[in-house]
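Engineer: Got a structure for you, written out below as structure tokens; questions coming shortly.
Quick note: the coordinates plus some simple rules give every number you see, no bench work behind them. Only a predicted model underlies this, so the values are computations on that prediction, with no experimental measurement involved. As a convention, Cβ positions derive from the backbone with ideal geometry for all residues, glycine included, and neighbour counts pool all protein chains shown.
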């Protein structure tokens, strides 16, 4: 009995690489930012609707899920921003050597985490 071979590219046959993980992360952060825009709009509408609606919105933001979202939202913004700058550098036909691609990828990750941490330190002080 012969089984059909998987068609390439099959994600189960490949080891995740920094470039592929960052590409997926860029897409996910873009989707998250779109959803966060709807959440921001809902929060603003609740504020305009009156104190009762705004209290419900604030309670949602104080929930565990709301707090996780508030912590991860700046990370999504900074990651998407930094990775977008990296893509703009690539669009200018620079940093295409394999070593520079990996260095740039790690720079994006480190700078995104640093900016998120710096923002939260600034907000909480």
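Engineer: Helix-derived [θ] at 222 nm for the chain: sum -39500 (n - 2.57) over DSSP H runs of at least 4, divide by residue count, nearest 500?
Structural biologist: -28000 deg cm²/dmol
Engineer: Give me the mean projected area, in nm² to one decimal, of the convex hull enclosing the Cα positions of the stretch 19-124.
Structural biologist: Taking a quarter of the hull surface, the average projection is 7.9 nm².
Engineer: Ranked from highest to lowest mean number of other Cβ atoms within 10 Å per residue, what is the order of the peptides 57-67, 107-117?
Structural biologist: Per-residue mean Cβ counts within 10 Å order the peptides as 107-117, 57-67.
Engineer: Let me ask something else about it. Mind putting together the pair-distance distribution for the stretch 8-56? All Cα pairs, 10 Å bins, whole percent per bin, short to long.
Structural biologist: Histogramming the stretch 8-56 at 10 Å steps yields 23, 27, 19, 15, 13, 3 percent.
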